[in-house]
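Here is the structure we will look at, set down as C-alpha cells.
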Amino acid sequence: MSVFDEAPGTDAAIPGATPDAVPARGRGPVVAALMMGMALVALDGTIVSTAVPQIVGDLGGFAVFSWLFSGYLLAVTVTLPVYGKLSDTFGRKPVLIAGVILFLTGSVLCAFAWNMAALIAFRIVQGLGGGALQGTIQTIAADLYPLKERPRIQARLSTVWAVSAVAGPALGGLLAGYADWRWIFLINVPVGIITLYLVARHLTEPARTAPAARPRVDWAGALCVFATGALLLTALVQGGVAWPWLSPPSLALFAGSAGCAALTAYVERRAAEPVIPGWVWRRRTIAAVNLAFGGLGLLMVAPTVFLPTYAQSVLGLNPTAAGFVLSVMTLSWPLSAALSSRVYTRLGFRDTAVIGITLALLILLAFPLLPFPGRAWQPALLMLLLGGALGLFQLPLIVGVQSTVGWAERGTTTASVLFCRQIGQSVGAALFGAVANATLASRLAHAPAPGPAGDLDSVARALRHPADLSAEAADLLRRAVASAVGHVYLGAAIAAALSLLVLLLLAPRHFPVLPQPTPGEDV
C-alpha cells in the first residue's frame, strides 16, 4: 500500500474531506501569476538591502534604517494567520487580489517617500500585502494540483526564491547605482498589474456549498493576534540593539506580548470562527509540522544572517563573492525539492523529512570544523549540501500537511506553518545575535590591545578597513568572528536536532492523507 492510499486514523476525521483539486485546464496562466506574485515577495528583501546606502544618503535616518526590514517582516508575520483564515472563509481569489493591491500601493508610496519615517510606514503597508501573498500563493498551489503532482508547482515556487536570491542584489545595485533607488519599488508595479490581470481572468475556485449563515470574521481575535505578534517581534528585533535585553523597554514589550497572548487564547476559545482555531494544535500532524518549521526558521538564521559576515570578515571576500557563497544553497534547494517526491512516495512524508533534517544537522555541525581562515569553496560546498538537505526536509512536510486537510482548512493550515517559520526566524535572529556577541566579547576581553566594541557589527566594520589595524589585531578579530559564527552554527545544529526530535516523537509516521481526486476532476 502506498503512502497515498494509507487508511487514515483519527486525525483524518476532518471537515471538508472531499476531493478538491482545481481542473487541469487553465492552470498555466494561474501558475504564471503565482510565480510572479511570489517574485514580488522574494525579491523584496534582497533588492532593497543593496540600495540602503543610497536610501540613507538621500533620506537620512541611519539610526532607524533597520526598520525598513523589521517593519516589513513584522507586518508579514502577524498577518499570516489572519489571511489564512480569511482565505478559508471567503476564498483565495479575493484575498490574493487584495494582497497584490496592498503590496502595489505600498510600493508606490515607498517610491514617493519624503523621509525615513514615511518610508518605514509605507514598507509596513507593503508587508500587509506581502502576508497575503506569501500564505495565499502557497495555498492556491496546493489547490491547483492533486497530491502526486504537487511537487511540480512547489519546485517552481522554490525556483523563484532561488533566482530572486541571485538576481535581487544585482538588480538592486544596478537600479540604485545607475538610475534611482525609488525604481526598486516602482519596478513592482508592472509585475503586480500582470499578476492581478492573470488572477482575475484565469483563477476559478471550486464551487462550495453555500453556508447556512453569513460567515463571521473574528476581528477581535485578528486584532489580538496582530498585537501579540507586533509586541513580540518588536522586542526580539530591537532587544540588544536599540536597548539592552533586561532594560524596561524590553521587559515591557515581552510582558505586553505575554498579556496579549493570554487575551488571544481567551478570545479565540469563545469565537465562533477563530482566526487560530484550536485544531491547528490538537492534530498531531499539523502541530508537529508547525514546530518543525519553527526549528527551520531558527536554523536558517545561521546561513542567511551570519554567513555573509563570515565570508567578508574571515575569508576577506567582497560583498558579491560573499553573496555567492550563500546563494549556492538556493540553487540546490529547489532541485532537491523537485526530486523529493521520488523519495516520499516510497518512504512517506515524515521519514523523508527526517532524512533531510538529519543531513542538515550533520552539515551544520561540520561548519565549526572548517579550517581557519580556509578557502571560499569550503563553506560554499557546505551551503550547497545544506540546500539539498533542506529541500528534502521542507517540501515533503508542507505538501504532506496540506494533504491532510480539505479546501476549507487548507489556508489556515498553510498560514500556521509559515507563521511558525517566521517566528522561528525572528527568535533565531535575536538568540543567535546574542550568542555571537557574547562569544566576541569573551574572545576580545583579553586582547593584547584595545579594539572595537565586542559586538559583531563593530568588528565587521573594523575589518572592512584592515589597513587601520595591525596584522596581529586583524588576525585576532578574524579568529573571533570565526569563533562567533561557529557557535551560531552549533546553535543552528541544536535547532535542527529539535526539529528532528519533534518529527520522531510527535509526527505520525504516515500522514493521514485525505482521498485524492483523479487528475482533471471537477469539484
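The values are calculated or read from the model by the stated rules, or taken from the named source; none is laboratory data. Because the structure is predicted, anything quoted here is derived from the model rather than measured. Note that we place each Cβ from the backbone using ideal geometry, even for glycine, and neighbour counts take in every protein chain shown.
Here is how the numbers come out for the structure above:
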{"item": "Flag if Trp377 is buried (at least 19 other Cβ atoms within 10 Å of the Cβ), assigned by TED's automatic domain parsing to the domain that holds Leu500 and not polar (S, T, N, Q)", "result": "no"}
{"item": "From the options Ala322, Ala302, residue that is buried (at least 20 other Cβ atoms within 10 Å of the Cβ), modelled with pLDDT under 85, of a type outside the set (Val, Ile, Thr) and within 30 Å of Ala167 (Cβ to Cβ)", "result": "Ala322"}
{"item": "Helices (runs of 4 or more DSSP H) within segment 271-349 that include 3 or more residues touching a strand residue (DSSP E or B) at 6+ places or on another chain (Cβ under 9 Å) and in the same structural domain as Leu80 (by TED's automatic domain parsing)", "result": "none"}
{"item": "Test result for Gly256, part of a helix (DSSP H, G or I), at negative phi, of a type outside the set (Val, Ile, Thr) and without any contact (Cβ under 8 Å) to a residue 60 or more places away in the chain", "result": "yes"}
{"item": "Residues of segment 134-165 classified as under 17 Å from the mean Cα position of the chain (by Cα) and not small (Gly, Ala, Ser), total", "result": "12"}
{"item": "Test result for Trp281, modelled with pLDDT of 85 or more, in contact with a helix residue (DSSP H, G or I) (Cβ under 6 Å, 6 or more places away or on another chain) and surrounded by fewer than 17 Cβ atoms within 10 Å (Cβ to Cβ)", "result": "yes"}
{"item": "Pick from segment 331-359, criterion surrounded by fewer than 21 Cβ atoms within 10 Å (Cβ to Cβ) and under 18 Å from Leu381 (Cβ atoms), ranking: modelled with the highest pLDDT", "result": "Leu359"}
{"item": "Leu251 being part of a helix (DSSP H, G or I) and under 30 Å from Leu144 (Cβ atoms)", "result": "no"}
{"item": "Within segment 75-113, tally of residues that are touching a residue at least 24 places away in the same chain (Cβ under 8 Å), on the phi < 0 side of the Ramachandran plot and over 22 Å from the mean Cα position of the chain (by Cα)", "result": "9"}
{"item": "Any hit, segment 107-125, residues being closer than 20 Å to Thr404 by Cβ and surrounded by 19 or more Cβ atoms within 10 Å (Cβ to Cβ)", "result": "no"}
{"item": "Selected residue [surrounded by 17 or more Cβ atoms within 10 Å (Cβ to Cβ), out of contact with any helix residue (DSSP H, G or I) (no Cβ under 9 Å at 6 or more places or on another chain) and not hydroxyl-bearing (Ser, Thr, Tyr)] from Pro169, Pro146, Pro190", "result": "Pro146"}
